[in-house]
1. Which members of segment 123-165 meet the condition of being closer than 25 Å to R214 by Cα and small (G, A, S)?
2. Pick out the one residue from S10, S45 that is among the hydroxyl-bearing types (S, T, Y), closer than 19 Å to G143 by Cβ, in a helix (DSSP H, G or I) and modelled with pLDDT of 95 or more.
3. Among residues belonging to segment 223-235 that are within 14 Å of the ligand (Cβ to nearest atom) and surrounded by fewer than 23 Cβ atoms within 10 Å (Cβ to Cβ), point out the one that is farthest from I173 (Cα to Cα).
4. Consider only pairs whose beta carbons are under 8 Å apart and that are at least six residues apart or on different chains; among these, list those whose first residue lies in segment 158-181 and is farther than 16 Å from S193 by Cα and whose second residue is away from the ligand (no atom under 15 Å from the Cβ) and among the charged types (D, E, K, R).
5. Tell me, which helices (runs of 4 or more DSSP H) lie completely within segment 102-190 with 3 or more residues that are closer than 21 Å to D231 by Cβ?
6. What are the residues in segment 120-137 that are in contact (Cβ under 8 Å) with a residue 40 or more places away in the chain and either closer than 22 Å to C191 by Cβ or crowded, with 21+ Cβ neighbours inside 10 Å (or both), if any?
7. So is S51 surrounded by 13 or more Cβ atoms within 10 Å (Cβ to Cβ), assigned to a helix (DSSP H, G or I), in contact (Cβ under 8 Å) with a residue 24 or more places away in the chain and out of contact with any helix residue (DSSP H, G or I) (no Cβ under 7 Å at 6 or more places or on another chain) or not?
Amino acid sequence: MQLLDGKLVSQAVKNSLKEKIAQLKATGSKTPHLAAILVGSNGASETYVASKVKNCEEIGFKSTLIRLDEAVSEKELMDTIEQLNKDADVDGILVQLPLPKQINEDKIISLINPKKDVDGFHPMSVGKMVQGLPTFIPATPYGIMLMLEHYKIETKGKHAVVIGRSNIVGRPISILLSRNTNPGNCTVTVCHSHTHNLKEICLQADIIVAALGRPGFLTADMVKENVVVIDVGITRVPDASKKSGFSIKGDVDFENVAPKCSYITPVPGGVGLMTIGALLMNTYNACVGE
Ligand code: NAD
């Protein structure tokens, strides 16, 4: 069993971006600028946004964090996005999800200028991704693809089972894995909360992407020998031994599943770190227009 090390691969992504930033600076060109909008004070969202901003600074990107009150109106949030759309210095716009109930997420995502849509959630970005055209790929699935590429994991002709069908992870990774690309070219089965015989389907999988948000859901009796397991889950579970009062758990029963795997991602230290690396790549591309 080999661990798919998100720290190592995301560091490699960041190192290559650092070099590119040094080249931009040397030629007096504009450097990437990410604007992140955080609405309210959800603990997990605070952590994710802080980490994104910190990583931007670490590699020489400019970043702006805009904090809005939990009670902000949809109109105010829309005005903020319109301003960022117009601001020529801002290359990428990120609205941290989830948003409070009074705000329609689809409306907000659709308002972001597709050229600045570094989260890849705009319908235009999604449409291009489905057609295999160059576009921004949502950060978590993009990070998974970068990881498969880094470890040269054979995907062609393999049966990939994706558990979860969200627009953020399950749906896009199922599309990316089935495209005629490398990595890609898998036969993909998408499972969700209404899937019957999930265990039998998982037992046929060469690659499993678990993205459902249920700690320890994928157990050893659900996987065959030598499977590749990508654990996307991030759930905070109470843990009195931690200063924070919680620990982070993935969707896979790592201890018992790992011995059967050829490759597996740990949680933490796997997909989460790749998500940030992929977001930085998207922001760089938004700046240089690639
Ligand atoms: P979501 O709640 O939007 O979607 C969950 C999906 O899982 C749904 O499609 C649902 O049908 C499916 N599901 C739920 N219970 C199921 C069951 N018993 N059997 C089969 N399918 C089931 O969640 P999401 O936004 O896709 O996130 C999933 C997990 O990934 C969460 O833990 C989230 O925190 C994590 N996440 C991690 C990263 C990262 O960077 N590592 C990024 C995004 C999300």
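1. Correct list: A139, G143, A160, G164.
2. S10
3. Among those residues, the one meeting the criterion is T235.
4. K158/D206; H159/D206; A160/D206
5. Output list reads 139-150, 170-178.
6. Selection gives G120, F121, V126, M129, V130, F136, I137.
7. no
The values are calculated or read from the model by the stated rules, or taken from the named source; none is laboratory data. Source: prediction; values computed, not measured. All Cβ positions, glycine included, derive from the backbone under ideal geometry; neighbour counts span all protein chains shown.
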